[in-house]
1. Charges at C-beta only: +1 for Lys and Arg, -1 for Asp and Glu. How large is the resulting dipole of the chain about its Cα centre, in Debye rounded to 20?
2. Over the chain, what relative contact order in percent results from Cα pairs under 8 Å that are six or more residues apart?
3. Starting from the residue with the highest accessible area, list Glu234, Glu287, Glu161 in decreasing order, probe 1.4 Å.
4. With a Cα-only, solvent-free Debye model of the stretch 330-379, what are the log10 I(q)/I(0) values at q = 0.16, 0.20, 0.23 Å⁻¹?
5. Separation of the stretch 187-236 and the stretch 48-64 by C-alpha centroid, Å?
6. Would you kindly state how much longer the chain becomes between Ala112 and Ala23 on full extension, computed as 0.36 nm times their sequence separation minus their alpha carbon distance, in nm to one decimal?
7. What length, rounded to one decimal in nm, is gained on full extension from Ser235 through to Leu267, with 0.36 nm per residue of separation minus their alpha-carbon distance?
8. Cross-link partners among lysines for Lys20, C-alpha distance below 25 Å, same-chain residues fewer than 8 apart left out?
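The values are calculated or read from the model by the stated rules, or taken from the named source; none is laboratory data. In this text the structure is predicted, and so the values were computed from the model without any measurement. Don't worry about glycine lacking a Cβ; one is built from the backbone with ideal geometry, like all the others, and counts go over all protein chains shown. Only protein heavy atoms, including side chains, enter the accessible area calculation; ligands, DNA and RNA are left aside. Shrake-Rupley method; radii C 1.70, N 1.55, O 1.52, S 1.80 Å.
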Amino acid sequence: MEKSVFIMIYLDNSATTRRKPAAVYMAMLRYAVMSGGNAGRGINKLSLGGVRTVIRAQEAAARLFNVRDESNIIFTYNATYALNMAIMGTASGSDHITVSAMDHNSVLRPAALHGKFSVAAADRTGVVAPLSVRMAMRADTRLVVCTHISNVCGTRQPVAEISRAAHNGGAVFLLDASQSAGSAEVDMEKLGADMIACPGHKGLMGPMGSGILCVKDPLRLRAVIVGGTGSESESIYQPESMPDKFHSGTINLPAVAGLCEGIKFVLREGADAIGKHEMMLARRLREKLLNMDGVTVYGKPDSGITTFNINGIDSGECAALLGDNIIVRAGYHCAPLAHKALGSSVGGSVRASFGYFNTVRDADTVCDAIYRIVKRHRSDTASVGV
């Protein structure tokens, strides 16, 4: 008997890209097996090779994000780590922070831990207007944080205008590019960002355990994690030189090596081209869902994310009904205030996030599966007289 072949359709790229360019895996393997030196810890061949690995990755990231000084690229373990470094290193005890309703808990929780913060409201489509940011700011606002593209619904924020509002109020602007790095233009100068934080394992096609923090003026950012850097080891005080000021402890160099290749892939293909492909697939699914009775679609068609609910079915149940071979994300996506703004605060929503390696067939197959669930639910509801 011929066995059935099940092909997984992976639509959780907003959580992490599952498929990476082959060069990413090869770079990680090559570093782990052939190199393995600890960057900056000595002048031996392997240690110096680790330093070169960091510099190559910094140069690639600086080119992608238009950072003038590549030494101002800091490698972290994820976007959460980068955002915490930026927030805690900028705001002191007396400073006020303004965040947005569309921000991830990686922003909201550090702000709440700091204590003095306000939230700029978003409209029903997930847009945070610059006026909303200005209204949320105070005279003592030191930092404004905003996501570039919502991880919940894919809505793109007018961040260049938001950064101007922040600067006009005397604040520093931190951009969370977790959902835009690698699939949209993230230009530090054009967007007016003082800092950019992003993960390496999503749109940049790198491995888990990698992240980036770009800093325009390192002198304005305190180091909140200090320790051994391999430099100025005769002093008990943290060095001010970059990137050592923020590179305490051993760096995950196999991940940095892989991330470097992921960024090079994005540079070759073009972030804009990658984003257009992802957006085309998300819009294809979105348009079909909008024509289905009993389906609510959220946000705006600004990215590779389509978020929806089937009326009367919990988001988690819907994800389960799609089966083990269609991978989506259900629930609150670590962004509770965004769901309040969008109207999906009861049960969250189902998110299909497309990546560069997804196809039109993937979008159509998922759409057909959703339609079958809607049709079955309508039939079951009618049979019980509800």
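1. On the way: 41 positive and 34 negative charges, 70 e Å.
Computed about the Cα centre, the dipole is about 340 debye.
2. RCO, the chain: 23 percent.
3. Putting Glu234, Glu287, Glu161 in descending order of accessible area: Glu234, Glu287, Glu161.
4. Normalising to I(0) and taking log10 leaves -0.66, -0.86, -0.91.
5. Taking the Cα centre of each part, the stretch 187-236 and the stretch 48-64 sit 13 Å apart.
6. 28.0 nm
7. Full extension from Ser235 to Leu267 adds 7.6 nm.
8. Lys202, Lys264, Lys276
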